[in-house]
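To start, the structure under review is shown below, and the notes come after it.
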Amino acid sequence: MRRRRAGRLVGPLVILLLAGAGPDGSGETVSLDGDRPGERLDVTLTRVVDPAGTADADRLVAVELRLENTGTVAYRDSPAPAAHLLDTAGQRFTGLDTATGAGPSLPGTLTLAPGDSASGFVTFRLPAGAGLAAVQFALDTGRGDDVGQWSLP
């Protein structure tokens with residue numbers, strides 16, 4: 001997992017931590033700050049299901065995330081567009097609110113009071129032959145400066 005600030009560099013670029021996901025796709029927990037004061041979320045990649053289904057000539061990949069509000073204000077956001085999957089060719093795919101047989105999806109809009117948590121899947125639609133490289137997550141519908149990244153085996 002890697003945590004970085006997108007869009008603004010203050011001093012040298014520092015990679016805080018890069019951890020590969022385990023054989024089942026599970027990763028470490030990363031704490032992310034939102035744009036609002038007191039907005040903070042712990043995000044854990046718990047599982048990757050590949051394939052999670054097919055759609056036309058593409059395949060569906062589902063990632064299970066656990067989100068815990070560790071901040072002091074309510075977290076209200078849309079988790080699917082906050083998640084991205086990167087393939088081995090460098091293409092970036094945005095998460096979808098698409099159900100699969102992998103398990104329950106995170107809701108389209110999620111509200112968590114401080115201390116609350118939720119788990120569920122975010123689905124991605126990729127070309128059939130695309131290799132998986134990494135999962136990214138950022139608050140503020142994916143536009144937040146603080147980005148967590150988990151590399152995939």
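The values are calculated or read from the model by the stated rules, or taken from the named source; none is laboratory data. As the structure is a prediction and not an experimental result, all values here were calculated from the model. Please note: Cβ atoms are built from the backbone with ideal geometry, for glycine as well, and neighbour counts cover all protein chains shown.
Take D87 and decide whether it is within 24 Å of D146 (Cα to Cα) and modelled with pLDDT of 95 or more.
yes
Residues to consider are L41, L112; find the one that is modelled with pLDDT of 95 or more and within 22 Å of S151 (Cβ to Cβ).
Result: L41 is the single residue among L41, L112 that is modelled with pLDDT of 95 or more and within 22 Å of S151 (Cβ to Cβ).
Of all residues in region 106-140 being of a type in the set (S, T, N, Q) and in contact with a strand residue (DSSP E or B) (Cβ under 6 Å, 6 or more places away or on another chain), which is farthest from P81 (Cα to Cα)?
Of the residues in region 106-140, the ones of a type in the set (S, T, N, Q) are 109, 111, 117, 119, 123, 136.
Pick out the ones that are also in contact with a strand residue (DSSP E or B) (Cβ under 6 Å, 6 or more places away or on another chain) and you get 111, 117, 119, 123, 136.
Working: T111: 15, S117: 18, S119: 16, T123: 10, Q136: 11 Å.
So the residue we want is S117.
Residue by residue, here is whether (1) crowded, with 20+ Cβ neighbours inside 10 Å; (2) charged (D, E, K, R); (3) closer than 16 Å to T29 by Cβ; (4) free of Cβ contacts under 8 Å to residues at least 60 places away in the same chain holds:
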site	(1), (2), (3), (4)
V43	yes, no, yes, no
P51	no, no, no, yes
V63	yes, no, yes, no
V73	no, no, no, yes
S78	no, no, no, no
R92	no, yes, no, yes
A102	yes, no, no, yes
P107	no, no, no, yes
A133	no, no, no, yes
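When you go through (1) farther than 17 Å from L110 by Cβ; (2) touching a strand residue (DSSP E or B) at 6+ places or on another chain (Cβ under 6 Å); (3) of a type outside the set (G, A, S); (4) at pLDDT 85 or above one by one for L18, which number turns out not to apply?
Answer for L18: the failing condition is (4).
Can you tell me which residue in region 135-153 is surrounded by the most Cβ atoms within 10 Å (Cβ to Cβ), limited to those that are in a strand (DSSP E or B) and among the β-branched types (V, I, T)?
Applying the filter and picking the extreme gives V135.
I need the full set of residues from region 118-134 which are farther than 19 Å from G108 by Cβ, aliphatic (A, V, I, L, M) and in a strand (DSSP E or B), in order please.
First, the residues of region 118-134 that are farther than 19 Å from G108 by Cβ: 126-134.
Now drop any that are not aliphatic (A, V, I, L, M), which leaves 126, 128, 130, 132-134.
Once the filter is applied, which keeps residues that are farther than 19 Å from G108 by Cβ, aliphatic (A, V, I, L, M) and in a strand (DSSP E or B), region 118-134 yields L126, L132, A133, A134.
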